[in-house]
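**Student:** Before I ask anything, here is the structure I am working with.
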Amino acid sequence: MIVCFVPYDENICSYMTVKIVLIGAGNVGYHLGRRLKEAGLQVVQIFSRQEAHARRLAKEIQVPFVTDLAQVVTDAELYILAVNDGAMNEVAAQLQVRNGLVVHTSGGTPSAILQPYFPRFGVLYPLQTFSLTRPIDFTPIPICVCANNTADEDFLFKLGSIISQNVYKINDNQRAVLHVAAVFVNNFTNYLFQIGYDILQQENLSFDLLRPLILETAAKIQSHAPAEMQTGPAVRGDAETVERHLAYLEKFSEYQNVYQLLTNHIQKNIIIS
């Protein structure tokens with residue numbers, strides 16, 4: 001089931017008193033911590049093994065921090081694990097929680113990873129790319145939630161509506177599919193930007209030349225299906241241009257392979273009526 005939430009609840013103020021512990025102060029933890037505080041939610045403690053990260057966020061949102069999991073308070077209502085997927089088991093195994101709900105923020109890891117450690121568990125996944133140096137507007141970010149019982153899932157649903165206008169109940173299988181798609185549209189496209197950057201650097205050309213094109217491409221798919229907006233020599237069947245491009249890319253053999261693979265897929269799968 002996928003449900004979109006319109007952010008209004010007459011009892012929303014009751015969620016402001018929920019005590020939240022944020023575990024992790026990296027890219028996701030940093031921005032999420034700032035947003036929780038901005039929204040008036042009660043973050044009572046921050047944990048990070050990296051003291052500099054914990055101190056930075058703690059100073060910004062005026063919350064105490066610890067660098068030892070044994071010092072994390074045990075009586076909070078919500079614990080948010082904004083840690084790397086590879087560290088999830090280790091952190092969960094050491095975290096002492098009385099009765100609180102424990103959630104992670106990962107798109108690719110099942111909520112069940114927390115099941116051996118906590119009776120109440122779930123996911124609070126903000127679907128966005130985060131970098132420390134770039135401010136983030138949480139308002140349009142999809143917040144995907146799930147929990148191992150209906151009451152906790154409803155709680156996360158309403159809590160999420162305080163920090164975003166787009167909250168969805170999405171189960172583990174759906175979120176895994178969503179994460180695969182997100183890797184294609186974010187991580188892979190960013191790598192393609194890097195390829196373009198490298199090619200221009202080789203020829204002493206500025207990447208600024210491509211920035212308007214990147215922005216227009218992203219703008220078009222806000223209101224159209226990507227297939228409808230596909231342009232370029234591959235979709236036009238312009239074999240001569242494709243061959244010229246491949247010839248130039250002989251000095252970038254890995255990039256030549258990427259170009260050929262994507263060209264083949266576009267020609268095979270994109271149909272222009």
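**Student:** Tell me, yes or no, whether the stretch 67-85 has at least one residue that is within 25 Å of Tyr15 (Cβ to Cβ), in a loop (DSSP other than H, G, I, E, B), without any contact (Cβ under 8 Å) to a residue 24 or more places away in the chain and not aliphatic (A, V, I, L, M).
**Tutor:** no
**Student:** Of the conditions (1) in contact (Cβ under 8 Å) with a residue 60 or more places away in the chain; (2) exposed (fewer than 15 other Cβ atoms within 10 Å of the Cβ); (3) among the hydrophobic types (A, V, I, L, M, F, W, C), Ile195 fails just one. Which one is it?
**Tutor:** Just one mismatch for Ile195, condition (2).
**Student:** Would you say Val185 is free of Cβ contacts under 8 Å to residues at least 12 places away in the same chain and within 30 Å of Gly122 (Cα to Cα)?
**Tutor:** Considered against the rule, which asks whether it is free of Cβ contacts under 8 Å to residues at least 12 places away in the same chain and within 30 Å of Gly122 (Cα to Cα), Val185 comes out as yes.
**Student:** Please specify each residue of the stretch 204-249 satisfying the condition of being of a type in the set (Asp, Glu), at pLDDT 95 or above and farther than 21 Å from Phe184 by Cα.
**Tutor:** So the first thing to find is which residues in the stretch 204-249 are of a type in the set (Asp, Glu), and the list is 208, 216, 228, 238, 240, 243.
Then keep just the ones that are at pLDDT 95 or above; that gives 208, 216, 240, 243.
Within the stretch 204-249, Asp208, Glu240, Glu243 qualify.
**Student:** Which residue is nearest to Val103 (Cα to Cα), if the candidates are limited to the stretch 154-169 and must be under 15 Å from the mean Cα position of the chain (by Cα) and surrounded by 22 or more Cβ atoms within 10 Å (Cβ to Cβ)?
**Tutor:** Among residues in the stretch 154-169 that are under 15 Å from the mean Cα position of the chain (by Cα) and surrounded by 22 or more Cβ atoms within 10 Å (Cβ to Cβ), the one nearest to Val103 (Cα to Cα) is Gly160.
**Student:** Being within 17 Å of Lys37 (Cα to Cα) and touching a Phe, Trp or Tyr at 6+ places or on another chain (Cβ under 9 Å) is the filter here; which residues of the stretch 125-153 pass it?
**Tutor:** Pro126, Leu132, Ile136, Ile143
**Student:** Grab the strands (runs of 3 or more DSSP E) fully contained in the stretch 97-167, keeping just those with 2 or more residues being of a type in the set (Asp, Glu) and closer than 18 Å to Leu178 by Cβ.
**Tutor:** Once the strands (runs of 3 or more DSSP E) in the stretch 97-167 are filtered for at least 2 residues that are of a type in the set (Asp, Glu) and closer than 18 Å to Leu178 by Cβ, nothing remains.
**Student:** To continue, here is another question. Considering each of Arg120, Arg134 in turn, give the residue that is over 23 Å from Met16 (Cβ atoms) and assigned by TED's automatic domain parsing to the domain that holds Ala25.
**Tutor:** Selected residue: Arg134, the only one of Arg120, Arg134 that is over 23 Å from Met16 (Cβ atoms) and assigned by TED's automatic domain parsing to the domain that holds Ala25.
The values are calculated or read from the model by the stated rules, or taken from the named source; none is laboratory data. This structure is a prediction, so every number in the text was calculated from the model and none was measured. A quick note on method: Cβ atoms are made from the backbone with ideal geometry, for glycine too, and the neighbour counts reach across all protein chains shown.
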